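Inspection log for the structure reproduced underneath, given as structure tokens.
All of the numbers you see were taken from the coordinates with simple rules; none came from a lab. Given the structure is predicted, the values throughout are model-derived calculations rather than measurements. Note: ideal-geometry Cβ built from the backbone for every residue, glycine included; neighbour counts use all protein chains shown.
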Amino acid sequence: MKVSQLAFKPLKNPPANADTINHALLVQAGFVRQLMAGVYTYTPLGLRVLNKLRNVIRKQMDAIGGQEILMPLLHPQANWQITGGWDSIDVLFKINSRTGKQYALGQSHEEVVTPLAKEIIQSYRDLPLALYQIHWKFRDELRAKSGILRGREFEMKDMYSFHETPQDFERFYQEVKQAYLRAYQAIDLIAKVTEASGGSFTDKISYEFMVLTDAGEDDIYYCPSCEFCVNSEIAKQKPGDSCPKCNQAKLKAAKASEVGNVFDLGQKYAQDFDITYTTQAGDQARPFMGCYGWGTTRTMGVLVEKSHDDQGIIWPKQAAPFAVQLVSLQGGETAAQKLYQQLQQQNIDVLWDDRDESAGAKFADADLIGCPVRLVVSAKTKDKVEWKKRTQKNSKLFTPNQVFKKLQGK
């Protein structure tokens, strides 16, 4: 893609109403536009990042047996009345139809996926079953804030699993946990698994995947020596106490942002929608259920909060909108055109700043957008290409072939 053809180009200044780093940088760099509080449009750059995150998550969910589906956003009132959510969940958006019927906008999809699974689950041979989607959610937040970290409309990966026993749910939870940690690692995030209340979903303990960030809305206590971590709201410990798991270090307090969660739903929804299956012994039983959330748009915001500098965003390779940003300066236009075509032929995502702008303006926009590598061609570079990583200050000169090999990891 060429910057001259980009629909939403970087702005000289951040929006005046930005209250967080992710809001300021994502708008200024051209990744999102705010429609109203808690509701954003994702521009071509922003959508590329979301697609990269979706693919990272899909890879891991598919690897553990998840099957992707796509469920409706508009839900019948009756389904939410069956579970009690219609009257008990205060963030549920409710819509009055001119036909006199009422509907809900999905803030979660247990009320849709459970009757869907009822069609599938007839025998123990149909279990375990794991269905997931990557779709939009709606929550009537009283105060949408923190940029795309807390919105009234946001995207989420939600997976729902069905099992014969609680033990099988626990087995699958461990698989999901490791899949989540692999996916976070792929996008350079270190997530801590914390215990927390199940909230409106269940009275059981749930697990949250937290990323340390000053923009986070949760307070956690964690051990720097092992994986122990707990949400401060249910903690029996306090900062400075010895870790109850390893006893090797003292607990630290930190701000964190939730990027994923796991809920043990037990048999509630199977009871609500009367799901039974035939066991191996020939009896009738109800499946046990779990749900697994991952906020994709929230993760995008967390990445910006965690990885930026005074010049702009620093995207990890697996989430960056483009692998490289190519900048052509005076005298390098022809060489840039050739390099641009060669990169595309080798399936390397490239954003070419072909505008008639100063070198300073192009470099500033490249840093603001934050692709992992910046390539510069000009009269000074001659038959070489200037290579600079976004995380480094110094640049080096390479031949085009050397550039291709480095980008391909050779």
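Observations
- Ranked by how many other Cβ atoms sit within 10 Å of their own Cβ, fewest first, the residues ILE21, ILE69 fall in the order ILE69, ILE21.
- Residue exposure proxy: THR299, THR83, ordered by other Cβ atoms within 10 angstrom of their Cβ from fewest to most, comes out as THR83, THR299.
- Restricted to Cα atoms, segment 272-369 shows a radius of gyration and a Dmax of 24.8, 79 angstrom.
- On Cα atoms only, tilt of 359-369 relative to the major axis of the chain in degrees: 10
- Calculated over segment 140-258: convex hull of Cα atoms, volume per residue (Å³): 141
- Taking Cα atoms only, the orientation of helix 333-345 departs from the longest principal axis of the chain by about 30 degrees.
- Solitary cysteines of the chain, where the nearest other Cys Cβ is not under 4.7 Å: CYS229, CYS291, CYS371
- Relative contact order of segment 81-186: 22 percent, from C-alpha pairs under 8 Å at least 6 residues apart in sequence.
- Relative contact order of the chain, pairs being alpha-carbon contacts under 8 Å that are 6 or more residues apart, as %: 16
- Share antiparallel - DSSP beta bridges, segment 322-407, percent rounded to 5: 45
- Net charge in the neighbourhood of VAL193 (other residues with Cβ under 10 Å of its Cβ; Lys, Arg +1, Asp, Glu -1) is -1.
- Neighbour-count order for SER108, SER395, SER358, fewest beta carbons within 10 angstrom listed first: SER358, SER395, SER108
- With contributions of -39500 (n - 2.57) from each DSSP H run of at least four residues, the per-residue ellipticity at 222 nm computed over the chain stands at -8500 deg cm²/dmol.
- Intensity falloff of the chain expressed as log10 I(q)/I(0), Debye formula with alpha-carbon point scatterers, at q = 0.07, 0.10, 0.12 Å⁻¹: -0.40, -0.77, -1.02
- Each Cα pair under 8 Å and six or more residues apart adds its separation to the average, and for segment 322-407 the resulting relative contact order is 32 percent.
- Electrostatic tally near LYS9: other residues with Cβ closer than 9 Å to its Cβ, Lys and Arg +1, Asp and Glu -1, net 0.
- Counted by Cβ distance under 12 Å from ILE89, the other residues give a net charge of -3, where Lys and Arg count +1 and Asp and Glu count -1.
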